[in-house]
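Trainee: One structure, pasted below without further comment.
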Amino acid sequence: MLREDLLHLLNETLNPSLFKDYAPNGLQVEGKDEIGLVVTAVTATQNVIDRACELGADALLVHHGWFWRGENPIIVRTKHKRLKAMMMADMNLIAYHLPLDAHPALGNNARLGELLQATDVERFGPDQLVSLGVIDPVTVTELAQKLADCLGQKPLLLGDADKVVRRVAWCSGAAQDFLEEAILAGADVYISGEVSERTTHLARESGVPYLACGHHATERLGIQALSQWLTQEHGVKCVFVDDENPV
C-alpha cells in the first residue's frame, strides 16, 4: 500500500481534524512511499523503534508519537537517537492520539467499555472522551480484579473497596482529573490510567472510588484494535510490539 493511501484511510476513519490535540496527528516523520509492513505500538520508544527496524517495518503506527505541545523542540540525546534510527531505516512515523482514544469502535475507551461489558453507554466531557455505562453490580474489589485479569496489571484502588457499584465511568490514559465530572454525572466508580496525589482525597471524600489501571495498560486496547482492523479489513500486514510500562 502507498503511504498516502494508508494515511487517507486512517484520517478518514479517525477524523483527526475534529480534535484540538497536544501533538500532530497523522504523519510525523516521512519515510518510504511503499508500505508493506506496519509495526504498531502504544508509544514510539527506542525499544519499539529498534524492534521495528529488526522486523524491517516500513512504518511505525502509534498512539503516542512525538512533538508534544510545549516540549523542548531541540533534537538532541534521546530524541536524536530515536529520529536518527527512524530516518536511517527510511521508516514512516504515524501517530494518532485523541482520535484513537475517542473512536466509537476502535478507540481505547470503546474497547475498555467492551471489557467492562457496559451497557447504556453515554459519552461526555471534552471531545466526548469520558464514558459512563451500566454493569452488573459488583464490589469495587471485584471490579478491580476483573480489570487486572483483562489488562494484565493490578489497578491501584483508592476509596471504599467494599462499595457495590453499578454505574461506571471511565477514560483511558492520564484522565484522573475527570473524576469530578464523573461524580457529577452520577458514577458509582471511576476508572482511568494514571493518578495524582489529589485524586486520593477526592475519591475518599466523595464516596466514588477510583481505579488507576495504568496509562499504558488502558491504551494498548485502541492500537491493538486498529492493527487488527487494518489487517482484517484492508489487508495491511501489522505486527504489534508491546514495550511494557508499569505506569
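Trainee: With the range 1-103 as the region, which helices (runs of 4 or more DSSP H) entirely inside it contain at least 2 residues that are charged (D, E, K, R) and modelled with pLDDT of 95 or more? Explain how you work it out, then say what you get.
Mentor: On the way: elements: 3-14, 46-55, 77-88, 98-102.
Hits in the range 1-103: 3-14, 46-55, 77-88.
Trainee: Could you list all residues from the range 121-148 that are part of a helix (DSSP H, G or I) and either within 20 Å of residue 163 (Cβ to Cβ) or in contact (Cβ under 8 Å) with a residue 24 or more places away in the chain (or both)?
Mentor: If we filter the range 121-148 for residues that are part of a helix (DSSP H, G or I), which is where we start, we get 126-128, 140-148.
Once the filter is applied, which keeps residues that are part of a helix (DSSP H, G or I) and either within 20 Å of residue 163 (Cβ to Cβ) or in contact (Cβ under 8 Å) with a residue 24 or more places away in the chain (or both), the range 121-148 yields 127, 128, 140, 141, 142, 143, 144, 145, 146, 147, 148.
Trainee: Oh, and also: What are the residues in the range 52-76 that are buried (at least 16 other Cβ atoms within 10 Å of the Cβ) and touching a strand residue (DSSP E or B) at 6+ places or on another chain (Cβ under 7 Å), if any?
Mentor: So in the range 52-76, the residues buried (at least 16 other Cβ atoms within 10 Å of the Cβ) come out as 52-53, 57-66.
Matches in the range 52-76: 52, 57, 58, 59, 60, 61, 62, 63, 64, 65, 66.
Trainee: Take the residues in the range 184-232 that are buried (at least 23 other Cβ atoms within 10 Å of the Cβ), hydroxyl-bearing (Ser, Thr, Tyr) and outside any helix (DSSP H, G or I), then tell me which one is nearest to the chain's Cα centre (by Cα).
Mentor: The qualifying residue nearest to the chain's Cα centre (by Cα) is 192.
Trainee: If you go through the range 154-168 one residue at a time, do you hit one that is within 22 Å of the chain's Cα centre (by Cα), buried (at least 17 other Cβ atoms within 10 Å of the Cβ) and among the small types (Gly, Ala, Ser)?
Mentor: no
Trainee: Could we say that residue 178 is in contact with a Ser or Thr (Cβ under 9 Å, 6 or more places away or on another chain), touching a residue at least 60 places away in the same chain (Cβ under 8 Å) and farther than 20 Å from residue 23 by Cα here?
Mentor: On the way: in contact with a Ser or Thr (Cβ under 9 Å, 6 or more places away or on another chain): yes; touching a residue at least 60 places away in the same chain (Cβ under 8 Å): no; farther than 20 Å from residue 23 by Cα: yes.
No: the conditions fail for residue 178.
The values are calculated or read from the model by the stated rules, or taken from the named source; none is laboratory data. Owing to the predicted nature of the structure, the values given are computational and were not obtained by experimental measurement. Counting neighbours? That spans all protein chains shown, and the Cβs are built from the backbone with ideal geometry, glycine included.
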